[in-house]
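Okay, structure first, notes after.
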Amino acid sequence: MLDHLDPDTGDYFGVPCRPEQAQLVLESAPWDVTAPAGALSSYAPDAIIEASERMDPYDPISPDEWKSGFATADVDYTLQERSQQLRSDVDKLRSHAVSGGGIMGPLADDYYSRRQRRVEEGCRDMVAAVRRETGGWLRQGKVVGLVGGDHSTPQGLIEALAECEEGFGILHMDARCRLKARCEGFEYSCESLMYNVLNDVPGVRRVVQVAQRDFSATEHRVARESERIVLYDTDRIASMRFGGASWRDVCDAIVAELPQTVYVDFDISALSIENCPHSPYAAPGGLRFDEALYMVNRVVESGRRIVGFDVVGVVPKVEDCVDAEVAARMLYRLCGMALRSQKRND
């Protein structure tokens, strides 16, 4: 068991532990190909590592879980390089779509269709790479957390987890529903994660969506009509609270919708704007930081087991590091609660 932290390791939270010896492994996915223009979340893992090294890592809810080891897997920076290359293709495709497309006839169409295929292949390769790396740790009995990257990056981990854990649920905390099919023509768009998971990963029993407040009419219809989706958008949560429900009542109602094994999918835009001012999806009405933590803790207190998690959608800024600071603290708390849920089940 570990007994000290070393902020100079270059790892998340300065926990000096190799993945082979750790109980929990943090995998990074520096990728943001289909994110909105200017949302360079491929830089988030490095920014969160830097912010985590400035933290005073004490968690009163899970005070000693770090001693079991939060290991940092080697960051694959080829993903970031590929992401930056493909973003230029995406920018050209978006500009082409805005202009109406087909201006130069079939030659132009072929030029842009090649770029579309290149983006699709790159995104598919990213999902496969995340699935391969995280699957390796899962087969060794590790708890795996993913640090994105945009909201397309968790698909590989969710697919890998479905090979090891049958019938788990996803607690999806986000400002968006992520239920768009082929958004902007991209199969692996960050707007399509939950659509893809529900269609491609039958091992996911249920998706419970929390804090959504910016979605299309089609997404809202899909969420209402699907037997595998339960939507607690901000209007529904507000109605419960204005009707006299305490936050504990709200959280327990949400947790009751989840099976015994749970994956926590956390986009920073689930929080109120002051917690993520640079997120392109930040919108009025999000959760407070402590409310989000309390909800995940109620999952643990209910006896459910957290089998994996992610923190995604963080857009770091050199001149204003609040997003990365908030994400680092949420990541640390999720690590502790995930490990504590394993102990409670043991």
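Some points to look at:
- Per residue, the chain reaches -14000 deg cm²/dmol at 222 nm when only DSSP H runs of four or more residues are counted, each adding -39500 (n - 2.57).
- The chain: angle of helix 322-345 to the longest principal axis, Cα-based, in degrees nearest 10: 50
- Prolate/oblate/rounded label for region 113-184 (Cα gyration tensor, a/c 1.5): oblate
- Additional length obtainable on full extension of the chain from Arg124 to Ile61, 0.36 nm per residue less Cα span: 18.9 nm
- Packing around the peptides 158-164, 250-256, 15-21, taken as the average count of other Cβ atoms within 10 Å per residue, puts them in this order, highest first: 158-164, 250-256, 15-21.
- Extension gain for the segment Ser246 to Gln85, taken as residue separation times 0.36 nm less the Cα-Cα distance, is 53.2 nm to one decimal.
- The modelled label-to-label distance between Ala238 and Asp290, using points 7 Å beyond Cα along the C-beta direction, is 2.2 nm.
- Amide proton proximity set for Ile229, modelled H, under 5 Å, gap of 5+: Val207
- Computed FRET value (nearest 0.05) for Arg114 with Val201, which takes r as the C-beta separation and R₀ as 25 Å: 0.25
- Total lysine pairs whose alpha carbons fall under 24 Å of each other in the chain (8 or more apart, or interchain): 4
Read the figures in this text as sums done on the coordinates, not as results from a lab. Quantities reported herein were computed from a predicted structural model and do not represent experimental measurements. A quick note on method: Cβ atoms are made from the backbone with ideal geometry, for glycine too, and the neighbour counts reach across all protein chains shown.
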